[in-house]
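For reference, the structure is listed below as structure tokens.
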Amino acid sequence: MNKIFNSIDLTYEIQWVIAIILMILVFATLLFWIWSLIKPSRLVDEMQTRTRSWWVMCFIFVFASIVNPIITYFALGFLSFITLREIYSLLSLREMDRSVLFFCYLSIPIQYFLAFQGYYTLFLIFIPVFMFIIIPFLLVLTGETKDIIRSMCILPTSLMLGVFGISHLALLINFPEMNSNGVSGKALLLFLIFITEANDIMQFVWGKIFGKHKILPKVSPNKTWEGFIGGVISTGIIGYFMGFLTPLNSWQLILLSSTIAIFGFMGDTIMSAVKRDFGVKDMSNAIPGHGGVLDRVDSLSTTASPFFHMIYFIIITS
Amino acid sequence: MKKIILVIIYSFFWRNFLKIFIGLKYINRKTLKNKKQFILIANHNSHMDTMAIMSAIPSRYIHKVHPIAAVDFFGGSLLNKILMRYLVNATLIKRDRNDTENDPIDAMDKMIKKYRSLILYPEGSRGSPGIMTNFKKGLAYLIQRNPNIKVIPVYLNNIYKTLPKGRKLIIPYNCSIEFGEPIQFRSFELDDILSDSEIALKKLMK
């Protein structure tokens, strides 16, 4: 037990973030509870289920990120695993792709091991270079060429969505440059997830309140220009106030947070389009009120790697 | 001793393995609680089916639940027989009724008289996925002899995708196992029993 907790070195900043998260959750729970007492409706019920799920997710996340880093790696790897499983359960893949799927799952431990060891270059090229060649070749080995292009395109791309993006979260934790000169990888991880999820919520809230002009009526009817712009601006502001977690200065913070907001929007719409093509509303019903795990981490899978590389660029050039 | 082995294998290992790794969801599992004796009937497409059902059974009486398997497929060697008996808790029966001394219905009937529960695949063997073949008559004979027993339909959704017929590699896939309510038979005529149980299982398929 001691071993699990001995690495908890809650810095002053991280304690603050946990306190802020708790306050937001308590505030939201009370708000929707009072709202449901005054004026019950379906929207409030949905909000209450969502808030309950947020409690669980925040608890798991905070627990997984403050204990021993090895547990954090396993938790993030498991997140990738569930994401891949959700994608493959919806795709109607060919029967002979089964053996190749095994190698897709196998790339998760390899990728997280590379992140753990901090082999930066190998980590970066393992999926976009090696797996993009190996997986099509393994598909060829099955000997059936009917519909092989579909599998060749889908399987490597699913790795980019489910493994490559999310594993950048793991890379942040003990990457050498991110953990020296007063920079803390864990704080950056918290910052990224906080910003991404705040952006999701802000776009949702702005869209619900002021949404009029649809951006992509065919793909995602809930996304509006008002929600998008409001989300980007408020995420920039939130990022500015959460800046104590990062070594950046004010304009870098605002620019970075707004960029993250835009990337989060991209991930959201990409997954919306994919779901539309599958003909489903949610990827699964793993998280009550939110849908599947991929519905929650869709924006995270596209914000993690841009965030990492922008921060990396800023840190090594400054 | 046998109970401890079965509890470790199914309630501990398989249940967690299926839940966490494979992504199996148990739906309406509480219907099995507080039922002493029952017959579970399920669609059958894969060897994982038996593991999924056995892992759902409450550990208190798991040693009293016997999957029914065909002796010509599973009872090949002595080792196979011992494994089936102790690790799966299976009862091996013959597929045909030519031999009056080893009649499969009698064998199953005897188990029920000993207050044991059975897991039956009324389709006879692993069929092709998504297509339900006609139920074999053995189920109806068994119910005619024991009209008071509770028959619970179990629908296994997509479990065959984790281990299709003829494959050896288990691959994770989000699937579910759903338990229905005990079937109320219109009468204990042979055809009524068969059609009622088929309808009950097909109702869960939607």
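The values are calculated or read from the model by the stated rules, or taken from the named source; none is laboratory data. On a predicted model such as this, the values are computed, not experimentally measured, just so you know. Note: ideal-geometry Cβ built from the backbone for every residue, glycine included; neighbour counts use all protein chains shown.
Of everything in the stretch B:105-151 that is more than 13 Å from B:Asn45 (Cα to Cα) and polar (S, T, N, Q), the residue that is surrounded by the most Cβ atoms within 10 Å (Cβ to Cβ) is B:Ser117. Considering the stretch B:34-65, the residues that are among the basic types (Lys, Arg) and farther than 17 Å from B:Pro153 by Cβ include one that is nearest to the chain's Cα centre (by Cα), namely B:Lys64.
Determine whether A:Leu93 is within 12 Å of chain B (Cβ to nearest Cβ), touching a residue at least 60 places away in the same chain (Cβ under 8 Å), at negative phi and in a loop (DSSP other than H, G, I, E, B).
Details: within 12 Å of chain B (Cβ to nearest Cβ): yes; touching a residue at least 60 places away in the same chain (Cβ under 8 Å): yes; at negative phi: yes; in a loop (DSSP other than H, G, I, E, B): yes.
So A:Leu93 passes the test.
When you check A:Phe81 against the structure, is it within 14 Å of chain B (Cβ to nearest Cβ) and out of contact with any Pro (no Cβ under 6 Å at 6 or more places or on another chain), yes or no? Judged against the criteria, A:Phe81 is a match. Within the stretch A:203-227, the residues that satisfy the criterion of being crowded, with 21+ Cβ neighbours inside 10 Å and either under 29 Å from A:Ser167 (Cβ atoms) or in contact (Cβ under 8 Å) with a residue 40 or more places away in the chain (or both) are A:Gln203, A:Lys223.
Just to be sure before I move on: is B:Lys114 without any contact (Cβ under 8 Å) to a residue 12 or more places away in the chain and away from chain A (no Cβ under 14 Å) in the structure I sent? Criteria met by B:Lys114.
So which residues in the stretch A:96-154 are hydroxyl-bearing (Ser, Thr, Tyr) and either free of Cβ contacts under 8 Å to residues at least 24 places away in the same chain or over 18 Å from A:Ser80 (Cα atoms) (or both), if there are any at all? Spell out how you get there, then give the answer.
Initially, the stretch A:96-154 is screened for residues hydroxyl-bearing (Ser, Thr, Tyr), giving A:99, A:105, A:107, A:112, A:119-121, A:142, A:145, A:151.
Of everything in the stretch A:96-154, those that are hydroxyl-bearing (Ser, Thr, Tyr) and either free of Cβ contacts under 8 Å to residues at least 24 places away in the same chain or over 18 Å from A:Ser80 (Cα atoms) (or both) turn out to be A:Ser99, A:Tyr119, A:Tyr120, A:Thr121, A:Thr142, A:Thr145, A:Ser151.
Checking A:Ile82 against (1) out of contact with any Ser or Thr (no Cβ under 8 Å at 6 or more places or on another chain); (2) over 30 Å from A:Lys281 (Cβ atoms); (3) of a type in the set (Val, Ile, Thr); (4) surrounded by 15 or more Cβ atoms within 10 Å (Cβ to Cβ), only one condition comes out false. Which one? The failed condition is (2).
How about the stretch A:260-294: which of its residues are part of a helix (DSSP H, G or I), closer than 25 Å to A:Leu189 by Cβ and more than 14 Å from chain B (Cβ to nearest Cβ)?
At the first step, the residues of the stretch A:260-294 found to be part of a helix (DSSP H, G or I) are A:260-278, A:293-294.
With the extra rule that they be closer than 25 Å to A:Leu189 by Cβ, the set shrinks to A:260-271, A:293-294.
Result: A:Ile260, A:Ala261, A:Ile262, A:Phe263, A:Gly264, A:Phe265, A:Met266, A:Gly267, A:Asp268, A:Thr269, A:Ile270, A:Met271.
Please work out if A:Thr259 is surrounded by 21 or more Cβ atoms within 10 Å (Cβ to Cβ) and within 20 Å of A:Phe194 (Cβ to Cβ). Taking the combined requirement at face value, the residue does not satisfy it.
Looking across the stretch A:100-121 at every residue that is among the hydroxyl-bearing types (Ser, Thr, Tyr) and either in contact with a Lys or Arg (Cβ under 9 Å, 6 or more places away or on another chain) or buried (at least 17 other Cβ atoms within 10 Å of the Cβ) (or both), the one that is farthest from B:Asn158 (Cα to Cα) is identified as A:Tyr112.
Do we find that A:Pro288 is farther than 20 Å from A:Met178 by Cα and touching a residue at least 60 places away in the same chain (Cβ under 8 Å) in this structure? Criteria met by A:Pro288. Considered as a group, the residues in the stretch B:82-106 that are within 15 Å of the chain's Cα centre (by Cα) and of a type in the set (S, T, N, Q) include one that is farthest from B:Leu120 (Cα to Cα), and that residue is B:Asn89.
Listed here are the residues, each with its yes/no results for (1) out of contact with any Leu (no Cβ under 6 Å at 6 or more places or on another chain); (2) assigned to a loop (DSSP other than H, G, I, E, B).
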| position | (1), (2) |
| --- | --- |
| A:Thr235 | yes, no |
| A:Tyr240 | no, no |
| A:Leu248 | yes, yes |
| A:Ile254 | yes, no |
| A:Ser257 | yes, no |
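Restricting to the stretch A:151-174, give me the number of residues that are of a type in the set (A, V, I, L, M, F, W, C), crowded, with 21+ Cβ neighbours inside 10 Å and under 20 Å from A:Phe263 (Cβ atoms).
Narrowing the stretch A:151-174 to residues of a type in the set (A, V, I, L, M, F, W, C): A:152-155, A:159-161, A:163-164, A:166, A:169-173.
Checking which are crowded, with 21+ Cβ neighbours inside 10 Å leaves us with A:155, A:159, A:161, A:163-164, A:166, A:169-173.
Those left that are additionally under 20 Å from A:Phe263 (Cβ atoms): A:159, A:161, A:163-164, A:166, A:169-172.
Number of matching residues: 9.
Filter the stretch B:1-42 for residues that are without any contact (Cβ under 8 Å) to a residue 60 or more places away in the chain and within 14 Å of another protein chain (Cβ to nearest Cβ); which is farthest from B:Gly124 (Cα to Cα)? Full working, then the answer.
To start, the set of residues in the stretch B:1-42 that are without any contact (Cβ under 8 Å) to a residue 60 or more places away in the chain comprises B:1, B:4, B:7-8, B:10-20, B:30, B:33-34.
The next check asks that each one be within 14 Å of another protein chain (Cβ to nearest Cβ); those that pass are B:16-20.
On the way: B:Asn16: 29, B:Phe17: 27, B:Leu18: 25, B:Lys19: 27, B:Ile20: 30 Å.
The extreme case among them is B:Ile20.
Taken over the stretch B:85-108, the criterion of being without any contact (Cβ under 8 Å) to a residue 60 or more places away in the chain and of a type in the set (A, V, I, L, M, F, W, C) is satisfied by B:Val88, B:Ala90, B:Leu92, B:Ile93, B:Ile105, B:Ala107, B:Met108. Only a single item in (1) in contact with a strand residue (DSSP E or B) (Cβ under 9 Å, 6 or more places away or on another chain); (2) at pLDDT below 85; (3) within 14 Å of chain A (Cβ to nearest Cβ) is not met by B:Pro129, and it is number (1).
Give me the residue from the stretch A:200-228 that is assigned to a helix (DSSP H, G or I) and of a type in the set (Gly, Ala, Ser) and, out of that set, farthest from A:Phe265 (Cα to Cα).
Looking only at the stretch A:200-228, we keep the residues that are assigned to a helix (DSSP H, G or I), and these are A:200-210, A:225-228.
Subsequent filtering for residues that are of a type in the set (Gly, Ala, Ser) retains A:207, A:227.
Details: A:Gly207: 13, A:Gly227: 10 Å.
Checking each candidate, the answer is A:Gly207.
Scanning the stretch B:82-101 for residues that are surrounded by 13 or more Cβ atoms within 10 Å (Cβ to Cβ), not in a helix (DSSP H, G or I) and not basic (Lys, Arg) turns up B:Val88, B:Asn89, B:Ala90, B:Thr91, B:Leu92, B:Ile93.
I want to confirm something. Restricting to the stretch A:239-256 and keeping residues that are of a type in the set (A, V, I, L, M) and crowded, with 20+ Cβ neighbours inside 10 Å, which single residue is nearest to A:Ile14 (Cα to Cα)? Out of the qualifying residues, it is A:Leu245.
Output the residue which, of all residues in the stretch B:145-177 that are within 14 Å of another protein chain (Cβ to nearest Cβ) and part of a strand (DSSP E or B), is farthest from B:Lys202 (Cα to Cα).
Just the residues of the stretch B:145-177 that are within 14 Å of another protein chain (Cβ to nearest Cβ), to begin with: B:157-176.
Those still in the list that are part of a strand (DSSP E or B) too: B:157, B:175-176.
Working: B:Asn157: 12, B:Cys175: 17, B:Ser176: 15 Å.
Filtering the stretch B:145-177 for residues that are within 14 Å of another protein chain (Cβ to nearest Cβ) and part of a strand (DSSP E or B), the one farthest from B:Lys202 (Cα to Cα) comes out as B:Cys175.
Within the bounds of the stretch B:178-198, is there any residue that is under 29 Å from A:Val293 (Cβ atoms), touching a strand residue (DSSP E or B) at 6+ places or on another chain (Cβ under 7 Å) and in a strand (DSSP E or B)? Write out each step before concluding.
Filtering the stretch B:178-198 for residues under 29 Å from A:Val293 (Cβ atoms) gives B:178-180.
Right, trim to touching a strand residue (DSSP E or B) at 6+ places or on another chain (Cβ under 7 Å) and you get B:178-180.
Subsequent filtering for residues that are in a strand (DSSP E or B) retains B:178-179.
The answer is yes; a qualifying residue exists.
Within the stretch A:56-73, being crowded, with 17+ Cβ neighbours inside 10 Å and either within 14 Å of chain B (Cβ to nearest Cβ) or not in a helix (DSSP H, G or I) (or both) holds for one residue alone: A:Val67.
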